[in-house]
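Encoded as structure tokens, the structure appears first; notes follow it.
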Amino acid sequence: MPPAATDNEKQQAAQQAVDILHEISTILNCHLDRRTLSICISMIENGVNPEALAEAQKIDFAKGAR
Amino acid sequence: MAYAAHLGALTEELVEAVASVSPQSNSKRFDVLKESTLRKIRHHSFLRTNQFQVTNELDGLEERFRVLNRDGLADALRERLDALAQLPNNFTPDILHFILKLSDQPVQNSKLRDLELLKTPDEDLESPLKWADIAKEDGWDQDRGLWENVDFADDSSDGEYVDIDTKSDASVESQDTSLSSVEARHRRLPTDYLTLTHDRAGFKTVEETQSWRHQSSPKSATGEPQKITITELQAVREVLFMLRGLDSTLFNKKQAVLSPKYQLNHTSWEGYRSLLESFGEAGRQLYLLRSFAKQLQNIPLMQVFQHAVETRLLLFDTFLSNLEAQFVDIKQDVAVSLVKVLNEIKPHLQPLSSFSGIIQGLNQAKYPHPFHYLELLFNATNIAHMEGDENTYKFLGTVFFECFRVYVRPIRLWMETGELLEGDKTFFISKSSTQARMSQVWKHQFKLRKTTNGTLHAPRFLHPATNKIFTTGKSIVVLKHMGRHVMTNGPAQTQEPPLEFDEAYACGEGALTTFSEIFNTAFGNWMQSKHHAASSTLRQALFESYGLWSVLNDLEHIYLMCNGAQSDTFASAIFSNFDLLNSRWHDRFTLTEVAREAYANVDTNRIAVSVSGEHCQSEVHEVRKTVRKGLPGVTLSYRLPWPIQIVLSDESLDHYQAIFTLLIQLRRACYMLQRHHLKIDGVAEMSYEQTRFYRLRSRLLWFCSSLQSYLTTLVIEPLTAELHGDLRQAEDIDDLAAVHSTYAKRMVDEACLGSKLDPIHQCMLDILDLTIRLEDARHAESERAQEMQEISRLSMSAASMTASPRRPGRYMQPSEEEDETFLAEQDRSVLLQDVDVDKTYAELLAEMGADFDRLVKFMCGGLRGVARASSNAAATKWDTLAEMLEVGIQEERQVFSGQPYV
């Protein structure tokens, strides 16, 4: 089933992309875990402005920590 | 609407993940956070992401990492970015932008180790084991002494410890995190290959086994220090370490002196010490070899020796390793015994110890020549052979030939091409700085290098062969000058016997052949292959192209007067000039012309005649009166081609000239005696004076012909025949030259012209002078008689005017006829003025007879005496000459005993 295989590949590629992005975020010391990052990526892919998201997240983080 | 719902769900998740607040635990707070977040996301004033700016920012970040020496991070980042670029996604720049916004001072705070933590759980998450950690755990991290004192670990564990401790973690671990990226951007370091083991038990064992080294000496009950006991295995290990030139506790490194602190647990101290000291002795010798092998050598000859030493040491080390392996990697039961080890090592040590003896000799020599070790090696090999130590003998012999092959290189170059290496001070042939004349090239262009004390600058064992080597090279040089040296076969193609010990040894007749003989044979064969071609070519060139035979033939004609008729033509021309009192007798052009006419069969263009200065200046009537003036000055020169001059030296040409002078003097005497023709047939009786005259004349003639026949048949002819034979057999140019100069020297000696026989030579010349005196006296007497006759004739004619006129000017005795070519009338007075006018003719004749007797006796006696006293080869010839002359004296006694001259 080629379409299934393609989906699988896509999923794998997405997985790989997330892995890499997670590593980059670690290198840049972003204090993001994999789940958070995945959520953020989904949101950005849904058209959320990355800068706005970052701001919101910083605030959330700050508030959560409080 | 679906979008809003989806975003809402995501926001919830985000808040839950980030703020760790769930709707269940704190719904109010959760809602507040969610709302505020949603608001922030929806209502903002940010621009869209500029993907180029993002790329720039990331590049800038990477660069910053590198600038701040965080290459590991930079590499990791670059790797990820590159990998990400492979996965096409429209939102990648946005996501990266988001990450950049969230980054929190990555340059200062990021840690590569964090990446490690991201790995999947199945990977080993345990932090890498480090020596530092082990040290901390075991509590010896503070104990530096542990490391310092264990010598054997100097260059291994310590190094690792330091390496790992100081290496930047970043670079070590950057590899572990690497992805299978196509682009290999990171470097591999030696430390990447380290395998860290965790064999703690093994480590403990090592520590325990080595602990004896650091024990302090136990004290006896009385407080005296006692020796630390060690096991035989430990001793064996120490011994093997020491022999391999490594540090050991039992021996100090340099002198291999035994440490008195230790003792085997089951032997007496004396037994232990003597056993270990025999190892120590071997260690000292090996240390010499090892330190020699480490020295820097510039001279190839030394380098090859050093290489030989290194190779032998390596073999020995391999043997030691194998021996050690028996104890370390035990495959079968092994008895640990120092004595056994010693016995096993001994046969290998023996050759090496003779080696170290050589190096010791080399070190002791003051300013040794580079080849000095070859001499030592040669001697040591000889000694080993004489001692019957087959093993050492073969070992040293092989090394000797190995090293000698390098020494032979300049010899080969010299013998094959006649060239010397520029600036080579080790070779025993040197070139003079000035360019010699062609004919001098053989003698003076090259020299054997001598040391300050006069010995040849070559290994002693080569001395017998040096001349041959020298000659061969010179032959090549001369051939090159002749334009005849063709490298028919290049050095590579030349078949030369190999200089191998095994080959040479195989050629020897069993074990009894001495090494020097084996060497001489091998080297002789090697040399013969080079020597033969060069010398035979040169010899051939001299004989065939430069006509050595014809030159010798010419010399025999010119100087040795082998053709009497030709020599007579030349000599008579000179003599008649004397007798004519021609003051220009010495004109060299005339003389040369006469010589060229006389010696028509030789290459006349080469002949030139001259008269040396002092003889030119003598008055001609003086010259006429004696053979000592004028004639010795007549110098014949024969221009030789330059290659022939190598063989026929100037010195031997002088000898030829001396013989020529003697022969021409003899010829002059004969000439004086013979130009007066006898006419005594039918004369009934002669006057007393006439009898005297004829007797003396015949004796002088006998003397001259005896001398002549002695010189020609006993001296010149046999020697010349011998010369021809010897020249045919001579092998090289030096032989040819030697044969010829011996020939010339012998000829001069046998002709009594040597310096020792000078009185006899002078006596001989006195006798030859007598012939001139006799002729002059006779001539004076005939003049006087003629005058008397004239006076009586005039008185007669005064009495009788009718007498018929006679031919004027000449008086002829019936038995005598004057030579028409004799002097012109006007010069006779010059001749006669020297004749002693006070003495009568008879008196003069008597005096001359007495002189002759005295001189001949003196000559005989002298020759006999010299022949007896001398060991010269010519002595027998002198004896023969004396015998020939004594015959005359004896006859004289028998026949004329009753008739004194007076």
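Coordinate-derived values only; no laboratory data. This is a predicted model, so every value here is computed, not measured. So basically every Cβ, Gly included, is an ideal-geometry build from the backbone, and we count neighbours across all protein chains shown.
Amide H contacts under 5 Å for B:Ile228: B:Tyr262, B:Gln263, restricted to partners 5 or more places along the chain or on a different chain, H placed in the peptide plane at 1.01 Å from N. Computed from the C-beta positions of B:Arg405 and B:Ala436, the FRET efficiency with R₀ = 45 Å rounds to 0.90. Counting every other Cβ atom within 10 Å of each residue's Cβ, B:Lys425, B:Lys443, B:Lys34, B:Lys474 order from fewest to most as B:Lys425, B:Lys443, B:Lys34, B:Lys474.
Taken along its principal axes, the alpha carbon cloud of region B:237-348 reaches lengths of 52, 34, 21 Å, longest axis first.
Ranked by the mean number of other Cβ atoms within 10 Å of their residues, highest first, the peptides B:202-214, B:393-405, B:572-584 come out as B:393-405, B:572-584, B:202-214. For region A:15-65, the Kirkwood estimate of hydrodynamic radius, built from reciprocal distances between every pair of different alpha carbons, is 11.4 Å. Exposure proxy ranking for B:Arg864, B:Arg70, based on other Cβ atoms within 10 angstrom of each Cβ and starting from the fewest, stands as B:Arg864, B:Arg70. For region B:295-363, the convex hull drawn through the C-alpha positions has a volume of 105 cubic angstrom per residue.
Whole angstrom only: what separates the Cα centroid of region B:366-407 from the Cα centroid of region B:210-279? Distance between centres, Cα-based: 36 Å.
Seen from B:Val15, the other residues with C-beta closer than 11 Å to its C-beta sum to a net charge of -3, counting Lys and Arg as +1 and Asp and Glu as -1.
Shielding of peptide B:34-45 by partners, expressed as the average count of other chain Cβ atoms within 10 Å per residue Cβ, is 4.
For B:Thr635, the residues whose amide H sits under 5 Å from its own are B:Ser610, B:Val611, B:Ser612, ignoring neighbours fewer than 5 places away on the same chain, with H placed 1.01 Å from N. Taken residue by residue and averaged, Cβ atoms of other chains lying within 10 Å of the Cβ of B:105-116 number 3. Taking the number of Cβ atoms within 10 Å of each Cβ as an exposure proxy, the fewest-first ranking of A:Met43, B:Met386, B:Met482 is B:Met386, B:Met482, A:Met43.
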